[in-house]
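Participant: Let me give you the structure first, and then I'll get to my questions.
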Amino acid sequence: MSSVIARRIRSAPHRPAGETWQVISDLLCHRDKALLEELGGVAGIVASTIVDKVPKEAPIIVIGKGPRIRFYCLYGDEAVTGDDANEDALPVKPLEGSWEIHVPFPADELDWAQGALKKKSTKIKAYDSKAGIEKSGSEVAVEAASIPSTSIDLDALNRL
């Protein structure tokens, strides 16, 4: 299984949803203006799910260079105190090369979110917050390779 980096970002009431997305974008883009522009283009759409507190339990997931990254949001007293927050810089640049960002939405907003995001970016996608995202082909292959296979020699068993 691939490794994972998790970050917990302080949201409302510490900062509004749009600023929460900006913090996540800054962590991902490493000052790359073109990437910041692409992520900024979906700010309103992503802010809608942050306002609804969806990323409290279902993370914003980044699949790219290096380990999978999960961003959870903190709300209420947790956001104010920041005791469980982790907004440290990422040790990798996940948006170099091929990458995707999967943003959680409630099932009743999924069609709208998928359509709205598709108009802005082919790399930023909505997923059902309760169902999760599908594993990539490479992740499935790695897991399959790590599962030991078992075979039974029926002829030897019948000779017993």
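Participant: So which lysines pass the test for K130, namely a Cα distance under 29 Å, with those fewer than 8 places away in the same chain ruled out?
Facilitator: Hits, sequence-local ones excluded: K53, K56, K65, K93, K118, K119, K120.
Participant: Pull up all non-local amide H partners of S129: gap of 5 or more, or a different chain, and H-to-H distance under 5 Å with H placed in the peptide plane.
Facilitator: F105, A107
Participant: Which whole-number percent is the relative contact order of region 1-50 (Cα, under 8 Å, 6+ apart)?
Facilitator: Relative contact order comes out at 39 percent.
Participant: A further question on this structure: Just to confirm my numbers, what's the Cα centroid distance between region 109-132 and region 35-66 in Å?
Facilitator: Here the answer is 10 Å between Cα centres.
Participant: Now for a different question. I'd like the Karplus ³J(HN,Hα) series for region 34-42: coefficients 6.51, -1.76, 1.60, θ = phi - 60°, whole numbers in Hz, and an x wherever there's a Gly or Pro.
Facilitator: 5, 5, 4, 5, 5, 5, x, x, 10
Participant: Given the whole protein assembly as supplied and a 1.4 Å probe, what does the accessible area of K53 come to in Å², nearest 10?
Facilitator: We get 110 Å² for K53.
Participant: Further question on the same structure: Go through region 119-130 residue by residue and turn each phi into a ³J(HN,Hα) via Karplus (6.51, -1.76, 1.60, θ = phi - 60°); whole Hz please, and just put x for glycine and proline.
Facilitator: Using θ = phi - 60°, the values come out as 5, 9, 7, 8, 9, 10, 10, 9, 9, 5, 4, 8 Hz.
Participant: Under a point spin-label approximation (7 Å from Cα along Cα-to-Cβ), what is the D77-A131 distance to one decimal in nm?
Facilitator: 3.6
Participant: Also: Using heavy-atom solvent-accessible surface (probe 1.4 Å) with all chains present, what is the largest-first order of E37, E96?
Facilitator: Sorted by accessible area, descending: E37, E96.
Participant: Could you list which residues have their amide H under 5 Å from that of C73, counting only those 5 or more apart in sequence or on another chain, with H placed in the peptide plane?
Facilitator: Hits under the 5 Å cutoff: I9, K56.
Participant: Oh, and also: Measuring from a point 7 Å past the Cα of D52 along Cα-to-C-beta, which residues in region 59-74 have an amide N at less than 18 Å?
Facilitator: 59-61, 71-74
Participant: Under the Karplus relation 6.51 cos²θ - 1.76 cosθ + 1.60, θ = phi - 60°, what is the ordered set of whole-Hz ³J(HN,Hα) values for region 98-113, x standing for Gly and Pro?
Facilitator: 7, 7, 9, 10, 10, 10, x, 9, x, 3, 6, 10, 5, 4, 4, 5
Participant: Search the structure for amide H atoms under 5 Å from the amide H of I5, placed 1.01 Å from N in the peptide plane, and list their residues when 5 or more places away or on another chain.
Facilitator: HN-HN under 5 Å from I5: R68, I69, R70.
Participant: Express in nm, to one decimal, how much length is gained between Q114 and D26 on full extension, taking 0.36 nm for each residue of separation and deducting their alpha carbon distance.
Facilitator: Result for the pair: 29.4 nm of gain on full extension.
The values are calculated or read from the model by the stated rules, or taken from the named source; none is laboratory data. These figures come from a predicted structure and were not determined experimentally. All Cβ positions, glycine included, derive from the backbone under ideal geometry; neighbour counts span all protein chains shown. Just the protein is used for accessible areas: all its heavy atoms, side chains included, with ligands, DNA and RNA removed. Shrake-Rupley method; radii C 1.70, N 1.55, O 1.52, S 1.80 Å.
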